1. Among the listed residues Q307, Q327, Q290, Q355, which satisfies the condition of being farther than 20 Å from V186 by Cα, in contact with a Pro (Cβ under 8 Å, 6 or more places away or on another chain) and not acidic (D, E)?
2. Consider E223 against the criteria (1) acidic (D, E); (2) farther than 16 Å from S146 by Cβ; (3) in a helix (DSSP H, G or I): it satisfies all of them except one. Which criterion is unmet?
3. Residues in the range 126-141 that are among the hydroxyl-bearing types (S, T, Y), in contact (Cβ under 8 Å) with a residue 24 or more places away in the chain and either assigned to a loop (DSSP other than H, G, I, E, B) or open to solvent by less than 20 Å² (accessible area, probe 1.4 Å) (or both): how many?
4. Are any residues in the range 277-287 more than 25 Å from Y76 (Cβ to Cβ) and open to solvent by 40 Å² or more (accessible area, probe 1.4 Å), and if so, which ones?
5. Please work out which one of (1) at pLDDT 90 or above; (2) over 24 Å from R150 (Cα atoms) is the condition V235 fails and give its number.
6. Filter the range 65-89 for residues that are open to solvent by less than 40 Å² (accessible area, probe 1.4 Å) and over 30 Å from P204 (Cβ atoms); which is modelled with the lowest pLDDT?
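The values are calculated or read from the model by the stated rules, or taken from the named source; none is laboratory data. Since the model is a prediction, treat every value here as computed from it, not as a measurement. Every residue, glycine among them, receives a Cβ derived from its backbone with ideal geometry; neighbour counts consider all protein chains shown. What goes into the accessible areas is simple: the full protein's heavy atoms, side chains included, and nothing from ligands, DNA or RNA. Shrake-Rupley method; radii C 1.70, N 1.55, O 1.52, S 1.80 Å.
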Amino acid sequence: MRKSHPVRRAVLAGAATVSGIVLLLSLKPAADPAAASAAGAAPRAPSAGQESPQGGSGALPGGTTTVTGDAAPTQYGDVQVRLTVSGGKVVKAEAVRAPKGGLSDQKTAMAVPRLNQEAVAAQSADIDAVSGATYTSGGYRKSLQSALDRMKAGPDTGAGASGGGAGAARTVTGKVAQTQYGPVQVRITVSGGKIVKAEAVQAPKGGLSDQKTAMAVPRLNQEAVAAQSADIDAVSGATYTSGGYRKSLQSALDRMKAGPDTGAGASGGGAGAARTVTGKVAQTQYGPVQVRITVSGGKIVKAEAVQAPKGGLSDQKTAMAVPRLNQEAVAAQSADIDAVSGATYTSGGYRTSLQSALDQAGG
């Protein structure tokens with residue numbers, strides 16, 4: 001028994017080894033084909049399923065349109081949004097213009113992709129500001145809203161929105177309404193006798209006013225288009241801005257009703273009658289400022305600084321201040337415009353040169 005015990009153990013061990021080899025051999029051939037089919041067929045099926053929707057969207061260019069909103073000036077640069085629309089829905093949003101240079105590059109890179117995503121998800125301009133990029137977010141929402149307004153007006157002027165129909169639309173700017181925190185001025189775009197867009201070309205700014213304006217104005221713009229009147233609710237927390245908005249909106253509506261008497265001239269021969277007037281050079285502590293205005297139909301339709309302080313810190317201040325001053329000159333139709341914080345000398349020179357241009361235009 002003692003001698004046979006090791007033999008028995010050897011036999012058992014051998015049998016176990018043989019069984020293990022048989023099992024391994026039986027599993028290996030089955031595993032390779034299965035793995036091959038799983039690696040080949042399985043991934044292909046899902047990817048094919050994922051590609052078909054993309055191919056579908058790629059096959060829709062004929063039924064897809066793009067709508068670009070107005071450039072919205074911010075403290076750090078313009079923001080302009082373009083939407084891709086298909087089947088009446090926003091399928092893509094992108095910022096074709098955004099603040100750039102220095103720290104703005106980082107903030108734009110961080111904020112814009114998130115704003116683009118939210119615009120598509122919300123299908124409206126009611127999107128949250130990105131923390132750390134408040135001004136860019138506010139400008140994005142404003143430009144987005146103007147693009148959405150144009151999108152909604154598409155069926156009436158569809159082909160004309162990018163073609164001849166644009167000529168049928170006209171803009172009417174209301175009077176400046178003074179409020180406790182600053183002036184408010186509203187411009188409306190009218191097509192087919194209806195308001196298709198409303199925007200505040202002036203609104204309270206600086207400190208807490210920036211936040212209130214960014215919160216209130218997009219909502220007021222929306223309500224003006226929806227109500228087709230100045231009978232719109234005040235935005236909670238922005239009572240003064242809302243009151244000024246309604247007052248300026250009403251004056252724009254009054255001018256709109258009087259529009260047919262002068263409408264043809266404004267969009268017709270007025271372009272040929274446009275002329276440019278350049279103001280005198282205004283010397284400032286940091287360099288000369290000179291303003292050129294384009295006048296049509298007795299109104300300023302464009303303002304630009306042909307000279308402004310430059311070099312070192314002046315480059316940044318000029319880039320920040322001049323676009324805002326240009327915008328305010330057109331909105332105010334006078335040299336009675338606010339100085340841009342941080343660019344007091346440039347603002348003063350701008351106003352002096354602008355006034356001389358206005359004096360020449362009046363003559």
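1. Working: Q327 fails: farther than 20 Å from V186 by Cα; Q290 fails: in contact with a Pro (Cβ under 8 Å, 6 or more places away or on another chain); Q355 fails: in contact with a Pro (Cβ under 8 Å, 6 or more places away or on another chain).
Answer to the check: Q307.
2. (2)
3. At the first step, the residues of the range 126-141 found to be among the hydroxyl-bearing types (S, T, Y) are 131, 134-137, 140.
Filter again for in contact (Cβ under 8 Å) with a residue 24 or more places away in the chain, leaving 134-137, 140.
Checking which are either assigned to a loop (DSSP other than H, G, I, E, B) or open to solvent by less than 20 Å² (accessible area, probe 1.4 Å) (or both) leaves us with 136-137, 140.
The total comes to 3.
4. First, pick out the residues of the range 277-287 that are more than 25 Å from Y76 (Cβ to Cβ): 277-283.
The answer is T278, K280, V281, Q283.
5. Just one mismatch for V235, condition (2).
6. So the residue we want is S86.
Results for (1) over 25 Å from A329 (Cβ atoms); (2) part of a strand (DSSP E or B), shown as yes or no for each residue.
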residue: T189; (1), (2): no, yes
residue: S209; (1), (2): no, no
residue: R219; (1), (2): yes, no
residue: D231; (1), (2): yes, no
residue: T241; (1), (2): no, no
residue: G244; (1), (2): no, no
residue: L253; (1), (2): no, no
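Here is a yes/no grid of residues against (1) among the hydroxyl-bearing types (S, T, Y); (2) under 14 Å from the mean Cα position of the chain (by Cα); (3) more than 21 Å from D210 (Cα to Cα):
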site: T68; (1), (2), (3): yes, yes, yes
site: P73; (1), (2), (3): no, yes, no
site: V81; (1), (2), (3): no, yes, no
site: V85; (1), (2), (3): no, no, yes
site: A95; (1), (2), (3): no, yes, yes
site: K100; (1), (2), (3): no, no, no
site: Q106; (1), (2), (3): no, no, yes
site: A119; (1), (2), (3): no, yes, yes
site: A122; (1), (2), (3): no, no, yes
